[in-house]
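These notes concern the structure reproduced below.
Where a number appears in this text, it was derived from the coordinates with a stated rule and is not lab data. Here the structure is a predicted model, which means the values were calculated and not measured. All Cβ positions, even for glycine, are placed from backbone atoms using ideal geometry, and neighbour counts span all protein chains on display.
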Amino acid sequence: METNIYLGIGWLVYGVIHSVLASESIKNKISTQYYRLIYNALAIILMIPLFYWLTTKPSASMMPSSLISQLLSGLMILSGIYIIYLSFKNYDVKEFLGLNFKDNQGKQILQTEGLSSLIRHPLYTGTLLFVWGLFGYFTTEAYFITAVCLTLYIRIGIYFEEKKLLKTFGKSYQKYQKEVPMLIPKI
């Protein structure tokens with residue numbers, strides 16, 4: 001149990017560092033040309049010890065696992081990966097990763113096609129399906145803590161991201177918010 005507390009603290013620290021790095025004040029201090037690359041590289045580097053901890057430290061099982069639960073969890077994991085893959089079709093992947101070294105400031109376009117016509121944050125939906133699918137598959141306390149921490153972080157991140165998007169796109173984003181659900185599509 002103690003190791004899981006440290007894992008939870010690790011995710012909390014990761015979330016704080018990741019959020020600070022995403023802030024406008026930090027973004028303005030780093031050359032806009034390299035900001036996204038540095039941000040993504042640090043995000044990956046800081047996540048490596050957490051995933052190492054998650055996969056190597058013993059953690060108690062929270063519930064029994066069955067073939068059916070593992071199949072359903074596997075479907076969630078694969079669905080999450082597929083949604084993430086489809087989400088990237090709306091983005092310039094090189095720019096998203098920070099590998100487009102042109103300064104494109106001022107050329108932002110509100111993406112509302114593809115999955116973004118069904119949900120405003122398809123990358124987050126895919127990520128949530130993936131992490132909760134992992135918990136459903138492995139059913140340990142460590143995976144549960146990870147899923148809860150990432151869910152909270154994503155939800156808080158969406159709040160701040162939407163404020164930024166409203167500032168950037170104004171009434172067009174406000175209209176988009178009213179028409180398109182945040183994470184779960186309308187049936």
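Can you sort Val148, Val131, Val20 by how many other beta carbons sit within 10 Å, fewest first? Don't skip to the answer; put the middle values down first.
Details: Val148 15, Val131 21, Val20 10.
Least crowded to most crowded, the residues run Val20, Val148, Val131.
Grab the other residues whose beta carbon is less than 12 angstrom from that of Ala60, score K and R as +1, D and E as -1, and report the net.
On the way: positive: Lys57; negative: Glu2, Glu141.
After counting each charged neighbour, the total is -1.
Only helices at least 27 Å long along their own axis, judged from Cα atoms, and with Kyte-Doolittle mean hydropathy of -0.5 or greater: name those in the chain from DSSP H. Write out the running numbers ahead of the final one.
On the way: long enough: 2-22 (30 Å, 1.09); 35-56 (32 Å, 1.34); 67-87 (29 Å, 1.77); 141-169 (40 Å, 0.65).
Both cut-offs are met by 2-22, 35-56, 67-87, 141-169.
Hey, which aspartates and glutamates would be in cross-link range of Lys94, C-alpha to C-alpha under 14 Å, not counting anything within fewer than 8 residues on its own chain?
Partners found: Asp103.
Loop-only check: which GluC sites (Glu not before Pro) in the stretch 89-187 are DSSP coil with at most 10 other Cβ within 10 angstrom?
Details: sites: Glu95, Glu113, Glu141, Glu161, Glu162, Glu179; in loops: Glu113.
Loop-located and lightly packed - Glu113.
Can you tell me the dipole magnitude for the chain around its Cα centre, using point charges on the Cβ only (Lys, Arg +1; Asp, Glu -1), in Debye to the nearest 20?
Details: 17 positive and 10 negative charges, 130 e Å.
Here the size comes out at about 620 debye.
Along the charge dipole of the chain, which of Tyr14, Pro49, Leu37 sits closest to the positive end, that is, farthest toward it, with unit charges on the beta carbon of Lys, Arg, Asp and Glu (+1, +1, -1, -1)?
Of the options given, the answer is Leu37.
Given +1 on the Cβ of Lys and Arg, -1 on the Cβ of Asp and Glu, and no further charges, what dipole in debye does the stretch 53-139 carry about its Cα centre, rounded to the nearest 20?
Details: 6 positive and 4 negative charges, 16 e Å.
I would put it at about 80 debye.
Once the dipole of the chain is set up with Lys and Arg at +1 and Asp and Glu at -1 on Cβ about the Cα centre, which of Phe130, Phe160, Tyr143 lies farthest towards its positive end?
Phe160
Add -39500 (n - 2.57) for each DSSP H run of 4 or more in the chain, then divide by its residues: what number comes out at 222 nm, to the nearest 500 deg cm²/dmol?
Details: 8 runs with 130 residues, N = 187.
Helix contribution divided over all residues of the chain: -23000 deg cm²/dmol.
I want the local charge near Thr3. Using Cβ-Cβ distances under 11 Å, sum +1 for each Lys or Arg and -1 for each Asp or Glu among the other residues. Mind showing how you got there, number by number?
Working: positive: Lys57; negative: Glu2, Glu141.
It works out to a net charge of -1.
For a footprinting-style exposure proxy, rank Thr56, Thr32 by other Cβ within 10 Å, fewest first.
Details: Thr56 8, Thr32 11.
Exposure proxy ranking, most exposed first: Thr56, Thr32.
Please report the net charge: other residues with Cβ closer than 15 Å to the Cβ of Thr140, K and R +1, D and E -1. It would help to have the intermediate numbers written out before the result.
Working: positive: Lys57; negative: Glu2, Glu141.
So the surrounding residues net to -1.
Where the centroid of each part is defined by its Cα atoms, how far is the stretch 146-184 from the stretch 30-50 in Å?
Measuring centre to centre over Cα atoms gives 21 Å.
Which entries of Lys163/Lys186; Lys27/Lys163; Lys27/Lys186 show an alpha-carbon separation above 26 angstrom in the structure shown?
Long pairs (Cα-Cα over 26 Å): Lys27/Lys186.
Note down the relative contact order for the stretch 2-179 as a percent, whole number, built from C-alpha pairs under 8 angstrom at least six residues apart.
Details: 155 pairs, mean separation 55.8, N = 178.
After rounding, I find 31 percent.
Please return the longest stretch of the chain lacking exposed loop sites, where trypsin sites (Lys or Arg not before Pro) count only if DSSP places them in a loop and at most 16 other Cβ atoms lie within 10 Å.
On the way: sites that count: Lys102, Lys107, Lys186.
Value returned for the longest uninterrupted segment is 1-101.
Rounded to two decimal places and with Rh computed the Kirkwood way over Cα pairs, what is Rg over Rh for the stretch 1-112?
On the way: Rg = 18.4 Å, Rh = 17.3 Å.
For the stretch 1-112, the value is 1.06.
Select from Asn4, Ile68, Ile81 the residue farthest towards the positive end of the dipole of the stretch 2-179; place +1 on Cβ of Lys and Arg, -1 on Cβ of Asp and Glu, and compute about the Cα centre.
Ile81
In what sequence do His18, His121 fall when counting other Cβ within 10 Å, fewest first? Spell out each step's value before the answer.
Values: His18 16, His121 21.
With the fewest neighbours first, His18, His121 line up as His18, His121.
Here is the link list: Lys57/Lys89; Lys29/Lys57; Lys89/Lys167. Which ones come out longer than 26 Å on Cα distance? Don't jump to the answer; show the numbers that get you there.
Values: Lys57/Lys89 36 Å; Lys29/Lys57 38 Å; Lys89/Lys167 24 Å.
Distance filter (> 26 Å) returns Lys57/Lys89; Lys29/Lys57.
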